[in-house]
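The values are calculated or read from the model by the stated rules, or taken from the named source; none is laboratory data. What you see is a predicted model; the values in this text were computed from it and never measured. Please note: Cβ atoms are built from the backbone with ideal geometry, for glycine as well, and neighbour counts cover all protein chains shown. The area values use the complete protein model at the heavy-atom level, side chains included, leaving out ligands, DNA and RNA. Shrake-Rupley method; radii C 1.70, N 1.55, O 1.52, S 1.80 Å.
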Amino acid sequence: MTWALLLEQFLNGFQLGVLLFLLAAGLTLVFGIMDLVNLAHGSLYMVGAFICATLTELTGSFGWGVLLALPATMAVGVIVEMTALRTLYARDHLDQVLATFGLILFFNELTRIVWGPEGMVIPLPAWLDGNVEILPGVHYPTFRMLIIAVGLGVAAALYVLVVKTRTGMLIRAGASNRAMIGALGVNIKTLFTAIFGLGAALAGLAGMMAGPIIEVSTGMGEEILILAFVVIVIGGIGSIRGAFIAALIVGLIDTMGRSFLDVLLSAAMSASAAETAAPALSAMLVYILMATVLFFRPQGLFPPHGRQ
Amino acid sequence: MLSVSKIETFYGESQVLFGVDLEVRAGQVVSLMGRNGMGKSTTINAIMGLKPPRTGTIEFENRPIHRLPSHAIARAGLALVPEGRQIFPNLTLRENLIATAANRRKRRHPWTLERVFAMFPALFERRDNRGDTLSGGEQQMLAIGRALMTNPELLILDEATEGLAPLIRAEIWTCLEALKAQRLAILVIDKNLRALTRIGDWHYIMEKGRIAWSGDSAALAATPDLRLRYLGV
Ligand SMILES: Nc1ncnc2c1ncn2[C@@H]1O[C@H](COP(=O)(O)OP(=O)(O)OP(=O)(O)O)[C@@H](O)[C@H]1O
Ligand SMILES: [Mg+2]
């Protein structure tokens, strides 16, 4: 194990972390403010990636693909909210789980019909396809650096939105007392739709960022959605700050565990035993973390204030 | 300006309002009194669209509002200071005032932070404190300020001074008198007969979901047995 490898895996974990944050931000707002469990959030991640792949193909530019796919994914989110999810706010969580699971099946089938069963690749432009030398002798893929920068930029923008703007105040006020902001003249339906559209665009953005790395395919949203739920539970449901910190922790632990757990374990047991135990254990690490956090802080690390 | 007529409200199968009639004219202070559980809050919630009536009509400035969602009712010019104050606990005092502020009917001298702080100087020092760290009196002043920041035509207060210290109560009544002097119409629920007689123009007393008595301040003062019969004070 070299320091260069350690640094590289650290950055990989960080990069997974910011992707998880993009997905978890919308998920935690929707769950925290509208009290809606939306399993179909991963579908927006997938749809965003597919739309971006097609638009990249049409325009010949990944940059244009992303820029145009963002409002398109937001529009898909807004339509889903207005036609399907709006009727679910007043229902209990089990109904929501069933209905949004149905949406997953719907979107998976839809992408198969529209884009075929093959999946798509998003080709990167030359300037993103190479490596940068981050330390003398240590190279890291340019595109992964870009993902980290985009994620941090979005986190900063969301922070400003929630903490500094009036929309952010309404988002926070809505999280603590929905009926009251209505009685003070705020149209909650519109606010909910806007929040959902924002969350959809961010989920789509995560899909677009992941697309060039993992290939765009039907069902790509499901696995990462589970991790995103782990993130919002650890971070505290409804908290953007919690989602950010938990996403980085989960990304780092998951990535570092997969890379280095066998080395760590072999210090305590035989090399062959470590080699068999490590993969199983590293796959469980984030769930062990979640269980531990829930044991000590059932509300998560940063529960938003003012909710019971 | 506000005209409530024959509204009936049910919680599930049980009927709570049995044909309530009530009117507030422009610039008037109108009180709604009655013992606990008589339906005062339910009447207010019907007006604000938080618990729409099953039958009956509610008109505001000659426009029916009883089928509108509550945000549309608020936008028509009604503002609520709710029972229990319902300050946003996770927002600062200042944020509570500006989050829902609006001047939808283009008032020429709209309410501003400065005007609210001038009316309640105690709020100014606490402006950066979170809602849930404020005292009951501060929260009530904030709830009034928050409602005023929507620039309403009619201010509705459910329990204006309930549970507050005497000094704070006096301050709230002074504030309501100042608002009345500015020709703001006010519908107020409270138990303080003396203050209501002083500033109120018209009074309603509810019993078991019905208006049992109504009259002006002179009639209220001249009928001492009302207290015993309907108010239990
Ligand atoms: N959410 C509810 N569900 C069922 N019954 C309710 C509900 N809210 C109020 N009630 C009943 O409706 C009746 C009127 O209640 P309301 O709150 O309007 O009374 P009030 O005059 O405001 O009393 P108070 O002085 O205690 O605030 C009461 O009998 C109460 O038990
Ligand atoms: Mg009441």
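Here the condition is being modelled with pLDDT of 95 or more, away from ligand 2 (no atom under 16 Å from the Cβ) and within 16 Å of B:GLU159 (Cβ to Cβ); of B:VAL24, B:VAL29, it holds for B:VAL29 alone. Do we find a residue being of a type outside the set (Ser, Thr, Tyr), within 12 Å of ligand 1 (Cβ to nearest atom) and either more than 26 Å from B:LEU193 (Cα to Cα) or open to solvent by less than 30 Å² (accessible area, probe 1.4 Å) (or both) anywhere in segment B:56-63? Looking for residues that are of a type outside the set (Ser, Thr, Tyr), within 12 Å of ligand 1 (Cβ to nearest atom) and either more than 26 Å from B:LEU193 (Cα to Cα) or open to solvent by less than 30 Å² (accessible area, probe 1.4 Å) (or both), one finds none in segment B:56-63, hence no.
Going by the structure shown, is B:SER41 more than 9 Å from ligand 1 (Cβ to nearest atom) and at pLDDT 95 or above? Answer is no for this residue.
Listed here are the residues, each with its yes/no results for (1) of a type outside the set (Phe, Trp, Tyr); (2) farther than 25 Å from A:VAL162 by Cβ; (3) within 14 Å of chain B (Cβ to nearest Cβ).
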{"position": "A:ALA228", "(1), (2), (3)": "yes, no, no"}
{"position": "A:VAL233", "(1), (2), (3)": "yes, no, no"}
{"position": "A:ARG241", "(1), (2), (3)": "yes, no, yes"}
{"position": "A:PHE244", "(1), (2), (3)": "no, no, no"}
{"position": "A:ILE249", "(1), (2), (3)": "yes, no, no"}
{"position": "A:ALA277", "(1), (2), (3)": "yes, yes, no"}
{"position": "A:LEU289", "(1), (2), (3)": "yes, yes, no"}
{"position": "A:VAL293", "(1), (2), (3)": "yes, no, no"}
{"position": "A:LEU301", "(1), (2), (3)": "yes, no, no"}
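Please go through segment B:174-197 and pick out each residue that is closer than 24 Å to B:HIS109 by Cα and open to solvent by 10 Å² or more (accessible area, probe 1.4 Å). Within segment B:174-197, B:THR174, B:GLU177, B:ALA178, B:LYS180, B:ALA181, B:GLN182, B:ARG183, B:LEU184 meet the criteria.
With outside the structural domain of B:GLY39 (by TED's automatic domain parsing) and either closer than 29 Å to B:PRO53 by Cα or surrounded by fewer than 22 Cβ atoms within 10 Å (Cβ to Cβ) (or both) as the only criterion, which of B:ALA102, B:ALA160 stands out?
Result: B:ALA102 is the single residue among B:ALA102, B:ALA160 that is outside the structural domain of B:GLY39 (by TED's automatic domain parsing) and either closer than 29 Å to B:PRO53 by Cα or surrounded by fewer than 22 Cβ atoms within 10 Å (Cβ to Cβ) (or both).
For segment A:179-187, the count of residues that are closer than 20 Å to B:GLY49 by Cα, surrounded by fewer than 20 Cβ atoms within 10 Å (Cβ to Cβ) and more than 8 Å from chain B (Cβ to nearest Cβ) is zero. Could you say whether any residue in segment A:146-168 is within 14 Å of chain B (Cβ to nearest Cβ) and in a loop (DSSP other than H, G, I, E, B)? Scanning segment A:146-168, I find at least one residue that is within 14 Å of chain B (Cβ to nearest Cβ) and in a loop (DSSP other than H, G, I, E, B), so the answer is yes.
Looking at segment B:213-228, which of its residues are surrounded by fewer than 16 Cβ atoms within 10 Å (Cβ to Cβ) and either within 15 Å of ligand 2 (Cβ to nearest atom) or closer than 20 Å to B:ASP21 by Cα (or both)?
Step one: list which residues in segment B:213-228 are surrounded by fewer than 16 Cβ atoms within 10 Å (Cβ to Cβ), which gives B:215-216, B:218-219, B:221-225, B:227-228.
Result: B:GLY215, B:ASP216, B:ALA219.
Does segment A:93-104 contain at least one residue that is under 16 Å from A:ALA206 (Cα atoms) and not basic (Lys, Arg)? Scanning segment A:93-104 turns up no residue that is under 16 Å from A:ALA206 (Cα atoms) and not basic (Lys, Arg).
Report whether or not B:THR150 is modelled with pLDDT under 95 and not hydrophobic (A, V, I, L, M, F, W, C). No.
Only one of the listed residues (B:SER41, B:SER70) is open to solvent by less than 60 Å² (accessible area, probe 1.4 Å), within 16 Å of the chain's Cα centre (by Cα), within 16 Å of ligand 2 (Cβ to nearest atom) and not aliphatic (A, V, I, L, M). That residue is B:SER41. For segment A:36-55, residues that are open to solvent by less than 10 Å² (accessible area, probe 1.4 Å) and either more than 10 Å from A:MET208 (Cα to Cα) or in contact with a strand residue (DSSP E or B) (Cβ under 9 Å, 6 or more places away or on another chain) (or both) total 12. Each residue in segment A:147-161 was checked for being open to solvent by 20 Å² or more (accessible area, probe 1.4 Å) and touching a residue at least 24 places away in the same chain (Cβ under 8 Å), and 4 of them qualify. Inside segment A:246-260, can you point out the residues that are of a type outside the set (Gly, Ala, Ser) and open to solvent by 10 Å² or more (accessible area, probe 1.4 Å)? A:LEU248, A:ILE249, A:LEU252, A:ILE253, A:ASP254, A:THR255, A:MET256, A:ARG258, A:PHE260, listed by residue number.
Please give the helices (runs of 4 or more DSSP H) falling wholly within segment B:28-133 in which 1 or more residues are more than 14 Å from every other protein chain (Cβ to nearest Cβ) and among the acidic types (Asp, Glu).
B:113-119, B:121-125
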